[in-house]
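Please treat every number below as a calculation from the coordinates, not as lab data. Just so you know, these numbers come straight off a predicted model, no measurement behind them. Because the Cβ atoms are built from the backbone with ideal geometry, glycine has one as well, and the counts that use them run over all protein chains shown.
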Amino acid sequence: MELDEKTFKNLIHRQQNLIWRVCSSYRLSAAWTMEDAFHEVLCDLWRGFGTFDQRSSESTWVYRIATNTMNSLVRKMGNQPTASPPEGHDPSYRDDDYRDLVELIEATPEPDRTIIKAHAQGYGYKEISKITGLSIAAVSMRLTRALRRLRKLYGN
Amino acid sequence: MRDFDKQLERYGDELKNVRCPYSDAELDREIRSVVWNEKIIPNEHQSRVTHTKWLWPSVAAAACLVAVLIPLNMPTRANDSIASVDINGEHLYYACNNGCSPEGTLETFKSIIK
C-alpha cells in the first residue's frame, strides 16, 4: 500500500500538467473551480490506479481517465450557468476568431469533442483510439467529419 | 477569410502550454488528501480481494441457516387459498395448499364445519 501511494504520487507529479490541461480545456459551471475538477480527476485516477495495466502509455491512460471524469462532470453540470471564459484560454480569448473556434469546439458533442482536442494537441489516431476506446478507423472517420463540420461552421 | 487551420493549431498550442499552478508541496497535499479520503473506498484491486474474502463465509452462513430452518419445519410455501367463516362473532380460518380456488376452499370449509 505504501509503495502504491508513492508510485501514485510520482505518477501525478509527472502528469500534473497533462491533468490540468485536460481540466482547463472544459468549460465548467460557475459553481465549480478548476481546483475542484483537478481534485475529481485525482480521485478517479486513484480509484482506477490498480487497473493500469501498462497496455497503453502512462500519459494516454491518464488522459483517458481525466477526459472521462471531465465529460462526466460536464454532463452532471447540465444547464448550470458557465464560468466564462474557459480558464486555459484567458490570454487570447479577446481575439474574436479564436474565441469563435473555442466556442464551436466546446459545442461539439462527444466523442468528437475529445477527438478534436486530442488531435489539436498532436495525438495520433492510435493514441486517440486508446483515449476514446473507439477503433482507429472510427477515430479517423469521426475526426474527418468533425473537422469538415467545424470548418463549415467557422466559415472557412 | 478566417484561417481555420491556423486557429486550430493555436488552440492546440494554447492547450499544450497549460501548466499546473500547484507547487510541489501543494500537489503533495492534494494527493495526500485524495489518498486518505479514498481509503474508505478501496480501489478495484482491493475491492476484488474484499469480495473474495467474504464470499465463502457468506455461503457457509447461508448453508447453516438452511440446515437449521428445515428441521424446524418452517413453512416453505404460501397458502394457495384461505377461507374464513364468522360463527357467533368468532372467525374461523381454513387454508388450502393444494391449488384450490377461493370458492372451492370456502365450500370445503363449510362442509367441514357443518
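For chain A, the relative contact order comes to 25 percent (Cα pairs under 8 Å, sequence separation of at least 6).
To the nearest 0.05, what FRET efficiency results for A:Asp95 and A:Met141 with a Förster distance of 22 Å applied to their C-beta separation?
On the way: r = 31 Å, r/R0 = 1.42.
Taking R0 as 22 Å, the efficiency between A:Asp95 and A:Met141 is 0.10.
Angle of helix A:34-48 to the longest C-alpha principal axis of chain A, folded into 0 to 90 degrees and rounded to 10: 50°.
For each pair in A:Lys9/A:Lys76; A:Lys76/B:Lys6; A:Lys76/A:Lys130; A:Lys6/A:Lys117; A:Lys9/A:Lys130; A:Lys6/A:Lys126, compute the distance between the two Cα atoms and list the pairs where it is over 26 Å. Don't jump to the answer; show the numbers that get you there.
On the way: A:Lys9/A:Lys76 28 Å; A:Lys76/B:Lys6 33 Å; A:Lys76/A:Lys130 24 Å; A:Lys6/A:Lys117 31 Å; A:Lys9/A:Lys130 23 Å; A:Lys6/A:Lys126 30 Å.
Long pairs (Cα-Cα over 26 Å): A:Lys9/A:Lys76; A:Lys76/B:Lys6; A:Lys6/A:Lys117; A:Lys6/A:Lys126.
Projecting label points 7 angstrom from Cα along Cα→Cβ for B:Trp56 and B:Asn37 puts them 3.8 nm apart. Note on A:His119, A:His39: ascending count of other Cβ atoms within 10 Å places them as A:His39, A:His119, the fewest first.
Tell me the angle of helix A:136-154 to the major Cα principal axis of chain A, expressed in degrees between 0 and 90 and rounded to the nearest ten. Tilt of helix A:136-154: around 40 degrees.
Once both labels are positioned 7 Å from their Cα atoms along Cα-to-Cβ, the gap between B:Asp28 and A:Asp4 label points is 2.2 nm.
Once both axes come from the Cα atoms, what is the angle between helix A:58-77 and the longest principal axis of chain A, in degrees from 0 to 90, rounded to 10? Taking the Cα atoms of chain A, the angle to A:58-77 is about 60 degrees.
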